[in-house]
Structure formats: C-alpha cells, structure tokens
Ligand SMILES: Cc1cc2nc3c(=O)[nH]c(=O)nc-3n(C[C@H](O)[C@H](O)[C@H](O)COP(=O)(O)OP(=O)(O)OC[C@H]3O[C@@H](n4cnc5c(N)ncnc54)[C@H](O)[C@@H]3O)c2cc1C
C-alpha cells in the first residue's frame with residue numbers, strides 16, 4: 001500500500017485548499033447565519049450558485065465519482081478523492097459547492113451504476129451538472145429501519161404504473177426547493193426471499209401524493225442538519241420505466257449505494273476533527289489561566305496528543321478502506337468500510353468534545369465550528385446505519401472469515 005499522493009492529487013489538494021481559503025472560509029459565518037435564519041429555511045444561500053460555477057470552471061466538480069464510471073467521472077479513484085473530501089469536510093456546507101454532497105452523491109452513483117440510458121439522461125445528467133438535487137427515502141417511522149428488510153412502504157404494479165404507499169422519515173434534502181428527484185426503497189415482492197422483496201424506484205418530487213408531514217427537529221433546534229422531514233406517500237403513481245434495475249433488486253442497490261456514501265462521510269469527519277484539533281491548539285496557546293497558558297497544562301497536551309493519535313489512526317483506516325474499494329470493489333471492502341464507519345464519527349465527536357472543553361464557553365457557541373462538528377458526528381453515528389449495526393455486520397464477517405461458519 002502506497003498512500004503517497006501522486007502529482008495530480010497534490011495539485012488538486014492545492015487547488016481545493018486555495019478555493020477554500022479564497023472563497024469558502026471568508027463566507028462561512030455568513031452562510032451559517034443564513035442557514036440558521038428561519039426566514040430562509042431550506043432556501044440555498046444566494047451566493048451558492050456562483051461559487052458552484054466557479055468550482056466547476058476550475059475543474060473541482062463531481063470529484064467523488066470514481067473513474068469506473070467512465071465518461072460520467074472526472075477520473076479519480078476513491079483513494080485519490082479521500083484527501084480532497086477531507087479538506088471539503090472542514091466546512092459543513094462546502095462539499096455542496098463542489099457537487100460532492102450527500103444525498104446526491106449516493107443517488108448519482110446509483111443512477112450511474114444501475115440506471116438505464118433514459119433514467120441517466122433524465123436524472124443523472126442534471127444532477128451531475130448541479131441543476132437539481134435529490135433525496136433518498138428508506139427509513140420509516142413504523143419499523144426499525146436499520147434492518148432494511150423491515151421496510152414496509154409498498155410498491156404495487158398496476159398496469160403500466162407502480163403505485164406507492166407508505167410513510168418515511170429522516171429524509172435529508174427533501175425540503176430544498178432544488179430537490180426534484182426522490183429515490184425510494186419499498187417492498188414490491190412481499191412473498192420473495194427476505195433480501196429480494198425490496199425495490200428502488202424513481203419518483204419525481206412533484207408527483208401527486210407526495211407530501212411533507214413535518215420537518216424533523218433535532219436537539220431542541222428547528223433545523224435538522226440536512227433539512228430532514230417526514231414524508232407521506234399516498235397512492236403515488238409512476239410509470240414502470242421508473243423502476244431501477246428491476247423488481248427485487250432494492251436491497252442490492254442500497255448496499256451498493258451506502259458503501260461509498262459511508263466512506264465519504266468519514267473523510268469529511270476527519271476534516272472536521274482535524275480542524276477542531278487545529279483550533280483547540282490555537283485557543284490553548286492564546287489563553288492564560290492561573291498564571292500559565294492553557295497549552296502548558298498537562299491535561300490539555302494530553303487532549304491534543306490523543307486527538308492527533310486518533311485522527312491519524314482514522315485517516316489511515318479511511319485510506320486503507322478507499323484503497324480496498326479501488327482494488328477489490330465495494331463488496332470486498334465491506335469490512336473496512338464498516339470499520340471506518342464505526343471509528344470515524346466517534347473519533348470526530350470525541351475530538352470535537354475536547355475542542356469544546358478547551359474553548360470554554362466559546363466552545364458551545366456558534367463562534368467556532370467545533371460545536372457543529374460535535375453534533376454532526378453524533379448524527380452520523382445513526383445516519384447511514386447505527387454503530388451497532390456496523391459492528392454486528394463486521395463481527396459476522398470476521399467470524400465467517402476466521403472460523404469459516
Ligand atoms: C441526520 C440524519 C439524516 C438522515 N438521512 C436519511 C435519509 O436521507 N434517508 C433515509 O432513508 N434515512 C435517513 N436517516 C435515517 C437513518 O439512516 C436511520 O435513523 C438509521 O438507519 C437507523 O434506523 P432507525 O432510526 O429506524 O433505528 P432502529 O433501526 O430502530 O435502531 C435503533 C437502535 O437500535 C440499535 N440496534 C439496531 N440494530 C442493532 C444490532 N444489530 N445490534 C445492536 N443494536 C442494534 C442501535 O443502537 C440503533 O441506533 C437519517 C438520520 C439522521 C439522524
């Protein structure tokens with residue numbers, strides 16, 4: 001394994017860092033205020049489209065989509081994308097500027113991998129151009145959705161259409177006015193084998209019968225991080241051509257979708273943790289209590305050292321998982337993807353927690369990004385699969401590998 005960056009990646013790292021320094025960090029506070037002002041709720045910050053155009057013109061666009069997708073991909077491997085995603089992750093909203101944000105990235109990957117040419121022309125291409133956004137509808141309030149075989153929303157064939165009925169919640173991005181596409185996972189073949197009962201289907205956002213029940217509130221805040229909502233699907237009718245890959249293939253698609261998405265989240269978590277570490281060092285060096293700098297306190301140095309160690313460990317594991325995805329495919333890399341999804345959010349939450357403590361009262365304010373990093377990583381220990389589910393799957397894989405059962 002050689003994790004030294006190629007010249008091409010070093011150049012891209014420099015370009016993304018320059019972009020962040022010139023155009024993203026300076027507007028970070030303004031965008032944060034915009035997103036947290038109830039009057040603007042779900043509306044994109046007005047300067048976003050210009051920044052996206054600038055990122056695109058500099059070739060910093062869709063970098064997440066691995067080169068196996070040929071003409072759709074800008075040509076990077078997962079390993080090459082990792083340091084770029086980490087830099088983008090340092091600012092919560094930055095990945096969207098580069099058209100590299102969830103849930104669109106996972107949906108684009110589904111359409112690129114499994115979509116028909118017609119589905120790709122209608123939905124993938126506008127997503128790749130950043131003209132529309134999308135949502136992924138899997139989780140349901142009525143069932144433990146970390147077990148995707150529990151999903152109840154029905155997809156029922158009726159002539160040349162499918163009719164969809166059910167209720168979803170925690171649906172990221174659906175309140176964004178640019179969201180035009182929903183990818184829904186539901187049950188189409190209830191009598192089939194457990195893992196062949198589900199399908200994934202395309203629903204245009206404006207289809208009659210799709211309605212928002214409520215917006216999710218989190219941690220006593222009006223905003224959940226991605227504008228998550230509860231959604232009702234009441235006799236939603238779409239043509240049969242909207243089925244992706246065929247009836248009964250939804251579980252397979254969900255597995256294919258979530259692997260890359262999970263590692264992208266981890267790359268961004270590492271960026272958040274790295275930034276929190278840098279901020280905690282600067283704060284500790286700048287602040288004096290009881291006659292000496294905070295940075296001279298042994299406990300503070302320990303916090304810094306532990307944070308550095310944990311970030312380095314997580315970064316190496318992320319690179320190893322990305323490398324395995326490139327070499328052997330997402331399925332073969334499932335153990336390492338699960339491992340990093342368990343490690344990275346917990347690590348980043350712990351580092352952000354130390355950064356909060358070292359900042360004192362400022363740490364829980366919105367004056368630094370460390371409180372947000374703490375929350376985002378708390379969410380991430382649930383989103384895209386709770387820690388325990390990854391542990392159960394990883395444990396099963398390893399027992400099978402080492403005990404052959
Ligand atoms: C910010 C955020 C954004 C999200 N965005 C989306 C989205 O866009 N689309 C979407 O479909 N969903 C989304 N989700 C939902 C998320 O994927 C689910 O919450 C998650 O998969 C868990 O499902 P559940 O909530 O039904 O929990 P449950 O399945 O009820 O699980 C509850 C708890 O049970 C425990 N548990 C479960 N299985 C095991 C096991 N095998 N061993 C031990 N303990 C276990 C775990 O502690 C788990 O947290 C989002 C969630 C959040 C918080």
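The values are calculated or read from the model by the stated rules, or taken from the named source; none is laboratory data. Because the structure is a prediction, the values reported are computed rather than measured. Backbone-built Cβ (ideal geometry, glycine too); neighbour counts: all protein chains shown.
Reported count of residues in the stretch 31-60, each being surrounded by 15 or more Cβ atoms within 10 Å (Cβ to Cβ), under 14 Å from residue 15 (Cβ atoms) and out of contact with any helix residue (DSSP H, G or I) (no Cβ under 9 Å at 6 or more places or on another chain), is 1. Annotation: of all residues in the stretch 157-176 being assigned to a strand (DSSP E or B) and at positive phi, the one that is nearest to the ligand (Cβ to nearest atom) is 170. Does residue 390 count as surrounded by 22 or more Cβ atoms within 10 Å (Cβ to Cβ) and without any contact (Cβ under 8 Å) to a residue 60 or more places away in the chain? Criteria met by residue 390. Taking each residue of the stretch 278-290 that is on the phi > 0 side of the Ramachandran plot and looking for partners that are surrounded by 15 or more Cβ atoms within 10 Å (Cβ to Cβ) and at pLDDT below 95 with beta-carbon atoms closer than 7 Å, six or more apart or interchain, yields nothing.
So, in the stretch 202-214, of the ones that are under 24 Å from residue 127 (Cα atoms) and within 15 Å of the ligand (Cβ to nearest atom), which residue ends up surrounded by the fewest Cβ atoms within 10 Å (Cβ to Cβ)? Among them, the one singled out is 212. Just one of the listed residues (268, 257) is modelled with pLDDT of 95 or more, within 16 Å of the ligand (Cβ to nearest atom), in a helix (DSSP H, G or I) and not assigned by TED's automatic domain parsing to the domain that holds residue 34, namely 268.
Taking the listed residues 146, 134, the one that is touching a helix residue (DSSP H, G or I) at 6+ places or on another chain (Cβ under 7 Å), within 11 Å of the ligand (Cβ to nearest atom) and modelled with pLDDT under 95 is 146, with no other qualifying.
Considering (1) within 16 Å of the ligand (Cβ to nearest atom); (2) out of contact with any helix residue (DSSP H, G or I) (no Cβ under 8 Å at 6 or more places or on another chain); (3) over 20 Å from residue 237 (Cβ atoms), the lone condition that residue 179 does not fulfil carries the number (3). Among the conditions (1) near the ligand (Cβ under 8 Å from one of its atoms); (2) over 27 Å from residue 221 (Cβ atoms), residue 379 misses just one, which is (2). Considering only residues in the stretch 354-367 that are free of Cβ contacts under 8 Å to residues at least 60 places away in the same chain and in contact with a helix residue (DSSP H, G or I) (Cβ under 6 Å, 6 or more places away or on another chain), the one that is farthest from residue 279 (Cα to Cα) turns out to be 364.
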